[in-house]
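A.B. asks: Below is one structure. I have some questions about it.
All of the numbers you see were taken from the coordinates with simple rules; none came from a lab. What you are looking at is a predicted structure, and each value in this text was computed from that prediction instead of being measured. Positions of Cβ are backbone-derived with ideal geometry, glycine not excepted, and every protein chain shown enters the neighbour counts.
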Amino acid sequence: MPEFDIYTAIGFVGMIMIVSAYAYLTAKDEPNPFILHGTNLVGATLLAISLLVHTNLPSLVLEAIWISVAIWGLTKAFMARKKSQGDAP
């Protein structure tokens, strides 16, 4: 059994964050994109840190994609917020 070290703990925190973001998405009728994508971004980053030490290449690639999608989602949310503020009288 692998050693339980700080990087394993970091990975568990990241996993909990990603699962929590999914639960949040499922529970809310209109989820806040900043909460959803921000939580996914932090969670995936923590998992990637863990995977850099305890390497599993397919999982590391998955987290890189997850991080990219979260950044894309946050970018869209910031652009939508900026547009809605610009449309206000």
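A.B. asks: Which of THR45, THR39, THR26 has the fewest other C-beta atoms within 10 Å, and how do the rest follow up to the most?
C.D. replies: If I rank by nearby Cβ atoms, fewest first, I get THR26, THR45, THR39.
A.B. asks: Further question: Between ILE71 and ASP29, how many nm apart are label points set 7 Å from Cα along the C-beta direction?
C.D. replies: Using points 7 Å along Cα→Cβ, the separation is 3.5 nm.
A.B. asks: Expressed as cubic angstrom per residue, what is the convex hull volume of the alpha carbon set of the chain?
C.D. replies: Spelled out: Cα convex hull of the chain, divided by residues, is 93 Å³.
A.B. asks: Counting alpha carbon pairs within less than 8 Å and at least 6 residues apart, what relative contact order, in whole percent, applies to the stretch 6-87?
C.D. replies: Relative contact order here is 34 percent.
A.B. asks: To test your reading of the geometry: what angle, between 0 and 90 degrees and rounded to tens, separates the Cα axis of helix 33-53 from the longest principal axis of the chain?
C.D. replies: That helix lies at roughly 20 degrees to the long axis.
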